[in-house]
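See structure below.
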Amino acid sequence: MATKDLHLEGAPFLKQQTTGLYKPAGSESLAAAAERSTKSNREITDAIPHWQDWREAAHRIKAYAIANLDKLLVQFERNISARGATVLFANDAAEANQYVLDIAREHNVKRVAKGKSMVSEEMELNRTLAAAGIRAVETDLGEYIVQLAGQRPTHIVTPALHLSAADVGRLFSDKLGEPFSEEHENLTNIARRHLREEFLQADMGMSGANFAIADTGTLAIVENEGNVGLSTSTPPVHVVLMGMEKVIPRIDHLPVFLQLLARVGTGQKLTSYTHLIHGATPGRKLYVIILDNGRSRILQDPAARKALCCIRCGMCLNICPVYRRVGGWAYGWVYPGPIGSIITPHLVGLDKAGTLPFASSLCGACSEVCPVKIDIPHQLGHLRKRAIEEPSPAHSIIDRVTWKAWAWAMCGPKRYRLAMWAVRQGVRLAPFLPWHPDKLGAWTRGRELPELPAGPTFRNWWCKPANREQFNTTLNSQSRKRDQV
Ligand code: SF4
């Protein structure tokens, strides 16, 4: 089992290498698990007649919330503060970490039980707490496993998707001294036994939030394992970490999101637990830290704003042919897959993550399944354009000149013909040149450069009316057959 340094790598896709393309990081079980999950979740969603109406409703609610974020956040803060919560706004990860440390010092915290939170991954919170001498234990089973393994999550919903039951059995045996087992029930019982002690001894519990509801000042958190319930209610202090885009306007908007999230995230009608937290309970402290960390940069770019509608269901990862092949670590930061490719460049900067938008085949499968209808391929196209136009170390001058030349060649039939002629001559002459196309760096390290076919080109073939007629006849007969089916 590979161990991956927890330190974030600044998000260069595959670190400019292609090795991840044919040696996926982690075990091969990732691709199989992602495919299984996509299939079962789609069977469930396809059987719901009003599924598309739910998606449309969720899209509109989120779009409204993002357009009115300033007002809704203030409304949420006012309402939850009125019931004893303390709300803190953090501009970046460093400020949010400082808030957590200040709270921990004020309450003399030595042990923290953490529920799942992708925002805490953004902040590298565990590292910060460890440096301050505070023990933080992940209590979500998948997060607990990757923390024990010294790894980072490979998926935003199922962090240990890349590990098999046997991998987990060996890990528990190495790190916890438990007898080896690969039975799921045994493994779960081992984790439960060890984690129970953590909940009882924790001085502070932490969690993320799935939704923050403005009109009632309510936090909604969904989960299946009961660990969030224990993290948020057992220790005397509860700290919630959330991105500022989590706010939705009204409590009666919540059901549509709960229906969508459970079905696409885990293939359930509803998650086992839905926690609604309205404020601090008597004798306990509740803090809500709302993180910006680059999200306002997304807001400033009207073409990219919809990326903030994401409800972190993970479905676009499961269906993505690139993610299935390379796994989550290849994306170099907290958010992998298609959603990572569109939000990471905004959050960490195009100069550090300018290659991520190119980590896609633009097949569009992600936007077809996205429960909030984010136009991911368009977002990727927009970021690609920016990555090429804005000078960045992620793209060399050769990249930029190549793309400019390509764009020029595609803008007219004569230019296109000239470019294709030049490419053909280049490939024919290649064996006699000092460099060879087989040495096209990353492109040819993992694949053969195909031979140029002998005979006429497609353009020459297409210019003959008889060929066009034959093509149209075949096409028409195929569509007639399809219609009959
Ligand atoms: S972009 Fe859509 S499909 Fe992907 S995680 Fe976000 S909500 Fe889910």
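The values are calculated or read from the model by the stated rules, or taken from the named source; none is laboratory data. What you see is a predicted model; the values in this text were computed from it and never measured. Cβ: placed from backbone, ideal geometry, glycine included. Neighbour counts: every protein chain shown. With ligands, DNA and RNA removed, areas are computed over all heavy atoms of the protein, side chains included. Shrake-Rupley method; radii C 1.70, N 1.55, O 1.52, S 1.80 Å.
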Using a simple spin-label model with points 7 Å from Cα along the Cα→Cβ vector, what separation in nm is obtained for Lys404 and Ile251?
5.9
What is the spin-label model distance, in nm, from Ala466 to Ser479 if the labels are put 7 Å beyond Cα along the C-beta direction?
2.6
Pull out the extension gain between Arg424 and Leu176, defined as 0.36 nm times the separation in residues minus the alpha carbon to alpha carbon distance; nm, one decimal.
83.2 nm
Around Leu195 (Cβ within 10 Å, Cβ-to-Cβ, excluding Leu195; K/R +1, D/E -1) the net charge comes to -2
Could you compute how much accessible surface Trp408 exposes when probed at 1.4 Å, giving the result in Å² to the nearest 10?
130
Give me the percent of accessible area attributable to carbon and sulfur for the chain, probe 1.4 angstrom.
56
Average accessible surface area per residue within the chain, 1.4 Å rolling probe, Å²
50
Square roots of 5 times each gyration tensor eigenvalue, C-alpha, the chain, largest first, Å:
45, 26, 24
Against the 2.2 N^0.38 Å scaling, with N counting residues, where does segment 13-296 land? I'd like the Cα-based Rg ratio to two decimal places.
1.03
Report, to the nearest 10°, how far helix 51-67 tilts away from the longest principal axis of the Cα atoms in the chain, using its own Cα long axis and a range of 0 to 90°.
70
Cα-based equivalent ellipsoid, segment 224-332: semi-axes from gyration tensor eigenvalues, Å:
27, 20, 16
What helix-only [θ] at 222 nm does the chain give? Using -39500 (n - 2.57) per DSSP H run of at least 4, over all residues, to the nearest 500, the answer is -15500 deg cm²/dmol
Magnitude of the charge dipole, segment 76-119, Cβ model with Lys/Arg +1 and Asp/Glu -1, debye to 20:
340
How about Lys62: which lysines have a C-alpha closer than 17 Å to its C-alpha, ignoring those fewer than 8 places off in the same chain?
Lys71, Lys246, Lys306, Lys373
